[in-house]
1. With the structure loaded, tell me whether A:A12 is small (G, A, S) and buried (at least 18 other Cβ atoms within 10 Å of the Cβ) or whether it fails that test.
2. Can you tell me how many residues within region B:122-144 are surrounded by 23 or more Cβ atoms within 10 Å (Cβ to Cβ) and outside any helix (DSSP H, G or I)?
3. Name every residue in region B:405-428 that is surrounded by fewer than 19 Cβ atoms within 10 Å (Cβ to Cβ), more than 14 Å from B:A47 (Cα to Cα) and modelled with pLDDT of 95 or more, in order of residue number.
4. Just one of B:I250, B:I302 is in contact with a Phe, Trp or Tyr (Cβ under 9 Å, 6 or more places away or on another chain), away from every other protein chain (no Cβ under 14 Å) and modelled with pLDDT of 95 or more; which is it?
5. I want to confirm something. Restricting to region A:170-180 and keeping residues that are in contact with a strand residue (DSSP E or B) (Cβ under 7 Å, 6 or more places away or on another chain) and within 14 Å of another protein chain (Cβ to nearest Cβ), which single residue is surrounded by the fewest Cβ atoms within 10 Å (Cβ to Cβ)?
6. Collect the residues in region A:143-169 that are within 14 Å of chain B (Cβ to nearest Cβ), over 19 Å from A:I284 (Cα atoms) and small (G, A, S), keeping them in residue-number order.
7. Is region A:253-260 home to any residue that is touching a residue at least 12 places away in the same chain (Cβ under 8 Å) and farther than 19 Å from A:A212 by Cβ?
8. Of the residues B:G153, B:G204, which single one is closer than 30 Å to A:E116 by Cα, within 14 Å of chain A (Cβ to nearest Cβ) and in contact (Cβ under 8 Å) with a residue 12 or more places away in the chain?
Amino acid sequence: MSLKRKDLLGLAPLSVDEITLILETADSFKEVTGREIKKVPALRGRTVVNLFFEPSTRTRTSFELAAKRLSADVINFSPSSSSVVKGETLLDTARNIEAMQADIIVLRHPSAGAAEALARGVKSSVINAGDGWHEHPTQALLDLYTIRERGLSFDGLKVAIVGDVAHSRVARSNIHALSKLGAEVRLAGPPTMMPWGVEKLGARVYRDLDEALRGVQVIMMLRLQLERQGRALFPTIREYARLYGLTAERVRLADSRAIVMHPGPINRGVEIAPEVADSLSSVILDQVANGVAVRMGILYLMSGAS
Amino acid sequence: MAILISGGQIIDPGRFNGIADLLIDQGRIASIGADVKAPTGVMKIAAEGRLVVPGFVDLHVHFREPGYEYKETIRSGAASAVAGGFTTVCCMPNTNPVNDNQAITEFMLERARAAGLANVLPIGAITKGSEGKELAEIGDLRRAGCVAISDDGKPVMSSLVMRRAMEYALAFDVPVVDHCEDLHLAEGGCMNEGLVSTELGLPGIPSAAEDVMVARNVALAELTGARLHLAHISTEGSVRMVREAKSRGIHVTAEACPHHFTITEEAVRGYDTCAKMNPPLRTWKDVQAIKDGLRDGTIDVIATDHAPHATQEKQQGFTEAPFGIVGLETALSLTLALVDEGVLSLEAAIGKLSTGPAHAFGLNKGTLAVGSDADVTIIDPHEQWKVDPTKFRSKSRNTPFAGWKVKGRVHTTIVGGRVVFDAAVGEQ
């Protein structure tokens, strides 16, 4: 089985079957990552290019590991070390990479729509590793995988996504996917950080975090970009932490077996209290571990290998 | 040379509408009637089945010269204008350097004369360098030939400076044109703020960014008595406020652009940078309001905001690409679509492109009255064609209407009694 699409640009266009296929494919690679020799020859002779226009350690490393464990050749391109600083456009850079026979381009870009534009311009498969505030599909897929791994079923699952939804590609991808899968998605955060009409994407907005957390099985915290403080979005980090920070007391409002997620990197003591991040309900490191398996599954499906 | 245009439907909005002949002599409209006596050696243009209308007047174009000649020059812009039936265009001052002094105005007029295609009338800056701080030498600009003042694209944010500009402009009876946008509210935005921007993850520009400035400008026009002209209004709120201001007798005119009454923010899906302009494409509700405004006369003028950009600039990401689209060569067809839709009568539609803009700026143009300048456009209102940007006379190709099948085509454009464009042979 393979995905019947050249690119993975977001979760909005994916069907439930496609999402399920990716998660099931990841299962078999999860097994590989647990072996002593963590390598399979599935993508031998294929080339994966990580094209990252934004600083990223976690996602880039995760893709790199995933590709290497599939025996693909991996090249990392980042703007500071390439011709981008010389004024080359994204498309020209990508066409050059393609001319070197890259099979898959993994793109991280600060501008929403960059992956879609790239996908239109090159024959290689494009995987969106985050474009502006738009989507971060592989992050959401690894989130889904982690939820599913905990034995939770999506249908009727109550999930609270907390924080700066407006500027979060992780939130958008998760809202699309979770609502498609039948989950009840609740959003909480300062109204200044709620994008216009987000309810129409299938989520419910709560004014009060405690209210949003009541009875949920999954708490998904978003990273607060501290530099936004000067932008009149919230008065102080202190007040943000008080109103929207996840404390141990707040976790108790959720279902007793609720899990706490965070795409990282975390701001301890801001959006998440240290004791919550380090608690048994936290699956933050499982997310990181699953990231590799899920990305192996995606690379495998995108490559059309069998 | 005299020109006799025979057998066409002559529409001189508000003055004449019927089948007749039109004679041009010595650069002026000589006569209109059933059997016009043509002098010998007259050039004859058969116009049966076609419309003969005043050359269109566009109050809002960007011709990029001096400074950005790779996007458009005054010559290429004028060629684009006459191909679209426009015989008079008003050039915004956001060139480099900014048209904030008489030397630049004179340079532009000289370039226009050399091109010899259309009447190119500069709009001077309101403030020096369009920086919104000190008034430009508006008296000098007016004397040098500027027909209006505007800091288009860099709206005057200080209400005090705007008030002073409006007061000062009274001395020269010059219209003050504002691109209504609160730059703080719009900061970082690249499309309309709404469901589509939420889905696409693009920073939005709320309607309120336009509305608050329309409200401010109307209040200042009331305070000062200035002639206020609002560029490219795009929101339901703007239309409502202009309607109300007019009903109270405030001297305000308004223009709308074809893209704002034809397409919506939905066109941004797929991150098409040719759907990126400022003000941004709005919602169906706004489109409907613009049409209502055109119908009831709240909006006096259809203007293009012709904003050429080079292909490589529009090939950037959606957030980085510059705002703006070209419009001169598609405006007529998109306007005539309003006639088919029943929004405007044919005469009213022609009026929004000719008499309306001429009145708004007090230009002696946009009419076929005997004795006036012979600026005439001949149109086949039924001819269908496909928008092919590679065929544009403009240097730039940035249009969201590429591939559209549209109706209504310019056949001949005459400026000052001289044929400057003929669809069969191009501009001359």
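The values are calculated or read from the model by the stated rules, or taken from the named source; none is laboratory data. Everything quoted here is computed from the prediction, not taken from an experiment. Please note: Cβ atoms are built from the backbone with ideal geometry, for glycine as well, and neighbour counts cover all protein chains shown.
1. Spelling it out, it is not the case that A:A12 is small (G, A, S) and buried (at least 18 other Cβ atoms within 10 Å of the Cβ).
2. So the count comes out to 7.
3. B:K405, B:V406, B:K407, B:G416, B:R418
4. Values: B:I250 fails: in contact with a Phe, Trp or Tyr (Cβ under 9 Å, 6 or more places away or on another chain).
Of B:I250, B:I302, the one residue that is in contact with a Phe, Trp or Tyr (Cβ under 9 Å, 6 or more places away or on another chain), away from every other protein chain (no Cβ under 14 Å) and modelled with pLDDT of 95 or more is B:I302.
5. Step one: of region A:170-180, the residues in contact with a strand residue (DSSP E or B) (Cβ under 7 Å, 6 or more places away or on another chain) are A:171-175, A:178-179.
In the following step, the residues that additionally are within 14 Å of another protein chain (Cβ to nearest Cβ) were identified as A:171-175, A:179.
Details: A:A171: 31, A:R172: 29, A:S173: 27, A:N174: 32, A:I175: 24, A:S179: 16.
Looking at residues that are in contact with a strand residue (DSSP E or B) (Cβ under 7 Å, 6 or more places away or on another chain) and within 14 Å of another protein chain (Cβ to nearest Cβ), I get A:S179.
6. Residue satisfying the conditions is A:A166 alone.
7. No, every residue in region A:253-260 fails to be touching a residue at least 12 places away in the same chain (Cβ under 8 Å) and farther than 19 Å from A:A212 by Cβ.
8. On the way: B:G153 fails: within 14 Å of chain A (Cβ to nearest Cβ).
On inspection, the qualifying residue turns out to be B:G204.
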